[in-house]
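*Asks:* Can you read through this structure? Questions will come right after.
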Amino acid sequence: MTGGPGIVYLVGAGPGDPGLMTARSLELIVAADVIVHDRLIPSEALAVARPDAEILYVGKEPGDASVPQKGIEKLLVDRASEGKIVVRLKGGDPFVFGRGGEEAEALADAGIPFEVVPGVTAGVAGPAYAGVPVTHRDDASAVAFVTGHEDPEKEDSALDYDALARFPGTLVFYMGVKALPRIAERLIDSGRSADEPALVVERGTLPDQRVVSGRLAEIADAASDAGIGAPSVTLIGPVAARRERIAWLERRPLHGRRVVVTRARAQASELARRLAALGAEPIELPAIRIEPRIDTDEVRRAIEGVHAYALVCLTSPNGVRLLFEAMAERGWDARALANASVAAIGPGTEAALAQHAVIADIVPERFVAEELVEALNKLDLAGKPVLIARAAEARELLPEALRKRGAAVDVVTLYETRAEQPDPAALERAQEADFITFTSSSTVKNFVEAVDGRLPPDARIVSIGPVTSEAAREAGLTVDVEAERHDIDGLVEALLAAAER
């Protein structure tokens, strides 16, 4: 952007769960020329940023000095003065202990246009995910948000503990886990009941959220004994007692479990979202990527003559997607398959066909090539043209079996799988995984190569089906669980059953 000052958006990224980011925040991240962000933002927050966006980290690491506040304010002014769209991305809400007010004043003084985009604040979200409402008509008609980490340059505390002790409602302290012994002592000395319910929420809204409860007099020791650290919020008040009845996060079946997802990146997010909804912490470590190969003479010839095939066999959702992409380039849709019987391996492939208005004629009960061969025995294929559209690495069992029956088989490669370069941070997180999921032979092979022998020591292996399981065993892995249904639904069911055991 050029021709005058740009604009700065002071954006709240929410408390940690990426699902709590607002639609407006994501919209602005996509549009930003410059993103200036803190440490405590959702890990996925920057995933939608433009590849050419300037990403600047100005957060504070524990034990390290942060970028000075005046330096951050100057940075915002300078980038906006260059005519750029600047997103200042902060955890929680920018105006709740986020120094957003100071930055807004600096922008106003410099004549820089700005907007404020509120975010979900940790003081509400953390307790909510712990099963505690900060207000309740029977227990608390007011809530006070208090900083537990005051400016260290202040000679005296700005907190009026006498007033806080008398406050007729819920107290929520931000960033005060280290100061919790002093906070509890001062409140009790000022008249707050030592028996009042209290709790501390660590990493609220995230899959590894932890909660410690107790009386106000003992909450500091309980948090210390549990090793609770930052980021945390502390809640004090009668509403804390309601947690036992309405806590919900910990009751999800995969709560606290780390699950490695090795699917190709384009497909991994779907499985990761399902696992997260069940309470797991998914670690996306794609072992493969899908590289289309539909721009070849081989594919063009097959598409040109697709109406002539008596049978079309598809073995994966990727194959379905790419076949229809190739057909669309020719200007054709599902009607081009009107003369053929359509066979599919697996409900995922069957569902992908249904999305293109094609109902598969043949779907074997077990989702492997051997079963498809058996299911095709009822068809008279002698001398008839058959198309098998598949990955480059697929087994030869299906085409060889059909050729033995006299079919004129064309095998067309629609895509190939390539090894994906793993993210080092994800590899480290994977070392503490409870489960590793494999959805194909190629994910096994490439994952084993990616970790270079450093397999997570305590993780159980979950396989989508027998072919994948065999590849895992050949790689020296022990398959702990194999899905009965060889699709993602079956994989999730198998994982849930394993977690219950």
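*Asks:* Once fully extended, how much extra length lies between E270 and E244, figured as 0.36 nm per residue of separation less the alpha-carbon to alpha-carbon distance?
*Replies:* Numbers: separation 26, 0.36 × 26 = 9.36 nm, distance 3.22 nm.
Full extension of this stretch gives 6.1 nm more.
*Asks:* When averaged across all projection directions, what area in nm² does the alpha-carbon convex hull of segment 15-95 cover?
*Replies:* Values: hull surface 22.4 nm².
For segment 15-95, the mean projected area of the Cα convex hull comes to 5.6 nm².
*Asks:* Further, regarding this structure: Direction-averaged shadow area of the convex hull around the Cα atoms of the chain, nm²? If you can, show how the numbers build up before the last one.
*Replies:* Numbers: hull surface 116.5 nm².
Reported value for the Cα convex hull: 29.1 nm².
*Asks:* Ok, one more. Using a 1.4 Å probe on the protein heavy atoms, what percent of the accessible area of segment 225-337 belongs to carbon and sulfur?
*Replies:* Numbers: 2490 of 5120 Å².
That fraction is 49 percent.
*Asks:* Let me check against my output: what whole-number percent is the relative contact order of the chain, with C-alpha pairs under 8 Å and at least 6 apart? Working shown, then result.
*Replies:* Numbers: 1050 pairs, mean separation 52.2, N = 501.
Worked out over the chain, it gives 10 percent.
*Asks:* Same structure, new question: So, taking all protein chains as they sit and a 1.4 Å probe, how much accessible area belongs to W248, in Å² rounded to tens?
*Replies:* Solvent-accessible area, nearest 10 Å²: 100 Å².
*Asks:* Shifting gears a bit: Run the numbers on segment 287-409 and let me know its relative contact order in percent, using alpha-carbon pairs under 8 Å that are six or more apart.
*Replies:* Averaging sequence separation for qualifying contacts and normalising by length gives 26 percent for segment 287-409.
*Asks:* Whole angstrom only: what separates the Cα centroid of segment 10-46 from the Cα centroid of segment 98-130?
*Replies:* Spelled out, the Cα-based centre of one part sits 12 Å from the other.
*Asks:* Now for a separate question. Given the -39500 (n - 2.57) contribution per DSSP H run of 4+ residues, what per-residue ellipticity at 222 nm results for the chain, rounded to the nearest 500 deg cm²/dmol? Write down the numbers at each step before the final one.
*Replies:* Working: 18 runs with 164 residues, N = 501.
After summing the helix terms and dividing by residue count, I get -9500 deg cm²/dmol.
*Asks:* Report the Stokes-Einstein translational diffusion coefficient (µm² s⁻¹, integer) for segment 320-388, Rh taken as the Kirkwood radius over Cα pairs, at 10 °C with viscosity 1.306 mPa s.
*Replies:* Details: Rh = 12.9 Å.
Here the translational diffusion coefficient equals 123 µm²/s.
*Asks:* Rolling a 1.4 Å sphere over the protein heavy atoms, what is the accessible area per residue of segment 283-396, to the nearest Å²? If you can, show how the numbers build up before the last one.
*Replies:* Values: 5370 Å² over 114 residues.
That works out to 47 Å² per residue.
*Asks:* If you wrap segment 353-501's Cα atoms in a convex hull and average its projection over all directions, what's the area in nm²? Spell out each step's value before the answer.
*Replies:* Numbers: hull surface 42.7 nm².
Reported value for the Cα convex hull: 10.7 nm².
*Asks:* Just going by the charge dipole of segment 369-458, with Lys and Arg at +1 and Asp and Glu at -1 on Cβ, which of A375, A392, V448 is farthest out on the positive end?
*Replies:* The listed residue farthest towards the positive side: A375.
*Asks:* Residues of segment 189-282: accessible area per residue at 1.4 Å, in Å²?
*Replies:* Computed with neighbouring chains in place, this is 43 Å² per residue.
*Asks:* Provide the FRET efficiency to the nearest 0.05 for the R215-R166 pair, computing r from the beta carbons and using R0 = 22 Å.
*Replies:* Calculated value: 0.70.
*Asks:* Mind checking the per residue accessible area of segment 400-493 for me, 1.4 Å probe, whole number of Å²? Intermediate values should be presented prior to the final figure.
*Replies:* Working: 4500 Å² over 94 residues.
On a per-residue basis, 48 Å².
*Asks:* Sticking with this one: Quick check: at a probe of 1.4 Å, how many percent of the accessible area of segment 393-478 sits on carbon and sulfur atoms?
*Replies:* Values: 1980 of 4170 Å².
The nonpolar share, carbon plus sulfur, comes to 47 percent.
*Asks:* Related question: Could you tell me what percent of the accessible area of segment 68-163 is made up of carbon and sulfur, with a 1.4 Å probe and every protein chain present? Walk me through the numbers on the way to the answer.
*Replies:* Details: 2410 of 4710 Å².
Result for segment 68-163: 51 percent of the exposed heavy-atom area is carbon or sulfur.
*Asks:* Projecting each Cα onto the charge dipole of the chain (Lys/Arg +1, Asp/Glu -1 at the beta carbon, about the Cα centre), which of S316, I7, T437 comes out farthest on the positive side?
*Replies:* S316
*Asks:* Using the Cα centre as the reference, give the magnitude of the dipole from point charges on the C-beta atoms of the chain (Lys, Arg: +1; Asp, Glu: -1; all else neutral), rounded to the nearest 20 debye.
*Replies:* Details: 55 positive and 78 negative charges, 197 e Å.
Once rounded to the nearest 20, the dipole reads 940 debye.
*Asks:* Pairs of alpha-carbon atoms within less than 8 angstrom and 6+ residues apart define the contacts here; what relative contact order does segment 1-129 have, in percent? Write out the running numbers ahead of the final one.
*Replies:* Working: 272 pairs, mean separation 53.5, N = 129.
It rounds to 41 percent for segment 1-129.
*Asks:* Determine the distance separating the Cα centre of segment 299-318 from the Cα centre of segment 164-217; give it in Å without decimals.
*Replies:* 65
*Asks:* Still on this structure: Hey, could you get me the Stokes-Einstein D for segment 175-226, Kirkwood radius over alpha-carbon pairs, 4 °C and 1.567 mPa s, rounded to whole µm² s⁻¹? Write out the running numbers ahead of the final one.
*Replies:* On the way: Rh = 11.3 Å.
Rounded to a whole number, D works out at 114 µm²/s.
*Asks:* Return the sequence-ordered ³J(HN,Hα) values of segment 228-245 in whole Hz as given by the Karplus equation 6.51 cos²θ - 1.76 cosθ + 1.60 applied to θ = phi - 60°, using x for Gly and Pro.
*Replies:* 5, x, 7, x, 9, 10, 10, 10, 10, x, x, 4, 4, 6, 7, 4, 4, 8
*Asks:* Moving on. With θ set to phi - 60° and the Karplus curve 6.51 cos²θ - 1.76 cosθ + 1.60, what are the ³J(HN,Hα) couplings of segment 434-444 in order, to the nearest whole Hz, using x for Gly and Pro?
*Replies:* 3J(HN,Hα) across segment 434-444, in whole Hz: 8, 9, 10, 9, 10, 10, 6, 4, 5, 5, 4.
The values are calculated or read from the model by the stated rules, or taken from the named source; none is laboratory data. What you see is a predicted model; the values in this text were computed from it and never measured. So basically every Cβ, Gly included, is an ideal-geometry build from the backbone, and we count neighbours across all protein chains shown. The area values use the complete protein model at the heavy-atom level, side chains included, leaving out ligands, DNA and RNA. Shrake-Rupley method; radii C 1.70, N 1.55, O 1.52, S 1.80 Å.
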